[in-house]
Amino acid sequence: MSNELRSPEWAWIDGRFVPWAECVLHARAQAIMTGASVFEGIRAYWNPQREQLYVFRLQEHLDRLATSMKIMRMKQAVPAEMGSASVELLRRNNFRDDVHYMPVAYVGFGEGYGAQTPPVQEGFFITAVTKPPSRALEAGLSVCVSSWQRISDNIMPPRVKAAANYQNSRFALLEARTNGYDYAIFLNSAGKVSEAPGACIFVVRADQVYTPPVTAGILESITRATLIQLFRERMGHSVIEREIDRTELYVADEVFLCGTGMEVTPVIAIDHVSVGLGRPGRWTREIQDLYFRAARGEEATLSHWLTPVYAPVQV
Ligand SMILES: Cc1ncc(COP(=O)(O)O)c(C=O)c1O
């Protein structure tokens with residue numbers, strides 16, 4: 001386990017709150033041996049003025065967890081208490097900082113990669129840690145176009161947020177860092193721009209915003225959908241969802257990555273080619289600001305996206 005994680009007191013597994021160290025699976029579980037699990041990464045944002053922690057788009061994440069489980073042909077349903085248990089977990093840990101947490105549906109013991117009948121054991125756990133803001137939000141990232149191709153729908157579907165998919169991302173990240181870049185962008189099996197490890201991509205060129213479609217080998221990102229809506233409804237710009245060529249990245253005015261973990265992070269160079277002026281662009285800054293205002297509860301009309309932790313909640 002990473003030394004960077006400052007362990008909180010509590011975790012949740014299979015219906016019970018347990019001390020952090022007791023949130024464990026057996027080493028022989030299929031989730032461990034073959035990566036047979038699906039998960040969500042969810043953020044909760046601390047608002048110091050209101051002394052409130054807001055979970056961002058909880059229901060959308062629970063819905064996507066169910067979608068991932070369905071495609072994986074997992075047998076169980078997402079437990080009804082998954083949302084309220086996750087909120088209770090944040091409360092029990094008394095978090096007063098920004099938090100990143102992960103509800104996971106795992107495959108336990110079972111032969112045949114866990115695909116055998118009778119069905120193998122399945123279960124759920126949630127872990128949460130505090131997460132300070134990344135420097136890259138301000139400074140931006142220097143990225144490469146990876147020589148690794150994004151997994152595709154009929155191989156390892158990126159629409160499923162499966163743990164095993166992240167080995168593809170790990171290859172790309174290792175390559176990027178070995179070659180002196182901060183991060184990577186994938187092309188898909190058609191050679192078009194897909195997404196980045198753990199993040200979707202937006203491109204601004206000549207006052208028009210573009211993003212690859214959900215059929216480009218991407219996760220159906222909740223942040224991507226959020227930003228499309230914010231661009232349209234709050235900034236008055238439509239977002240065109242269409243295939244993007246690699247060379248369009250080199251001539252873009254602005255590029256940014258987005259995701260629950262990545263938030264809205266500017267890209268300032270791609271393959272050592274400056275993006276625009278080589279610093280975060282104006283539209284990137286505007287949408288970044290709007291996103292954080294919404295996530296921290298500073299946009300009253302968007303409060304339906306938030307679940308307050310330190311108030312009575314019914315999820
Ligand atoms: C592969 C991949 N793409 C995109 C995203 C962004 O998705 P979301 O905005 O729902 O967090 C993530 C992060 O969860 C991801 O893992």
Of Asp98, Asp207, Asp289, which has the largest mean-square fluctuation in a 10 Å C-alpha GNM of the chain? Asp207
Quick one: if the Förster radius is 22 Å, what FRET efficiency do Thr247 and Arg279 give, using the C-beta to C-beta distance and rounding to 0.05? 0.55
Work out the FRET efficiency for Lys75 and Ala164 from their Cβ-Cβ distance, taking R0 = 22 Å, and round it to the nearest 0.05. 0.75
Using amide H atoms built 1.01 Å from N in the peptide plane, name the residues 5+ places from Ile244, or on other chains, whose amide H lies under 5 Å from its own. Val193
For region 136-295, the Cα gyration tensor yields equivalent-ellipsoid semi-axes (√(5λ), largest first, whole Å) of 22, 18, 15
Return the distance in nm (one decimal) between the two label points of a simple spin-label model at Asp207 and His304, each offset 7 Å from Cα along Cα→Cβ. 3.2
MRE, 222 nm, helices only [DSSP H, n ≥ 4, -39500 (n - 2.57), over the chain, to nearest 500]: -7000 deg cm²/dmol
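Relative to the compact globular guide of 2.2 N^0.38 Å, what is the alpha carbon radius of gyration of region 189-266, as a ratio? Please list the in-between numbers first.
On the way: Rg = 11.5 Å, N = 78, 2.2 N^0.38 = 11.5 Å.
Taking N as the residue count of region 189-266, the ratio is 1.00.
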Which whole-Hz couplings ³J(HN,Hα) result when phi for each residue of region 66-71 is put into the Karplus expression 6.51 cos²θ - 1.76 cosθ + 1.60, θ = phi - 60°, listed in order with x for Gly and Pro? 5, 4, 4, 5, 5, 5
With the full set of protein chains in place, find how many percent of the accessible area of the chain is carbon and sulfur; take the probe as 1.4 Å. 51
Please report, to two decimal places, log10 I(q)/I(0) for the chain at q = 0.06, 0.15 Å⁻¹ as given by the Debye formula with identical point scatterers on the Cα atoms and no solvent. -0.20, -1.30
So who's got an amide H within less than 5 Å of the one on Val145, skipping anything under 5 residues away but keeping other chains? H placed 1.01 Å off N, in plane. Ile185, Asp271
For the pair Asn179/Arg96, report the inter-label distance in nm, with labels modelled 7 Å from Cα in the Cβ direction. 4.6
Per residue solvent-accessible surface (Å²) - region 157-232, probe of 1.4 Å: 36
With all protein chains modelled, accessible area of Trp20 [1.4 Å, Å²]: 40
Estimated distance in nm for a label pair at Arg16 and Ala115, the labels positioned 7 Å out from Cα along Cα-to-Cβ: 3.3
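The values are calculated or read from the model by the stated rules, or taken from the named source; none is laboratory data. Quantities reported herein were computed from a predicted structural model and do not represent experimental measurements. When we count neighbours, we look across all protein chains shown, and the Cβ atoms used for this are built from the backbone with ideal geometry, even at glycine. Keep in mind that these areas ignore ligands, DNA and RNA; they rest on the heavy atoms of the full protein, side chains included. Shrake-Rupley method; radii C 1.70, N 1.55, O 1.52, S 1.80 Å.
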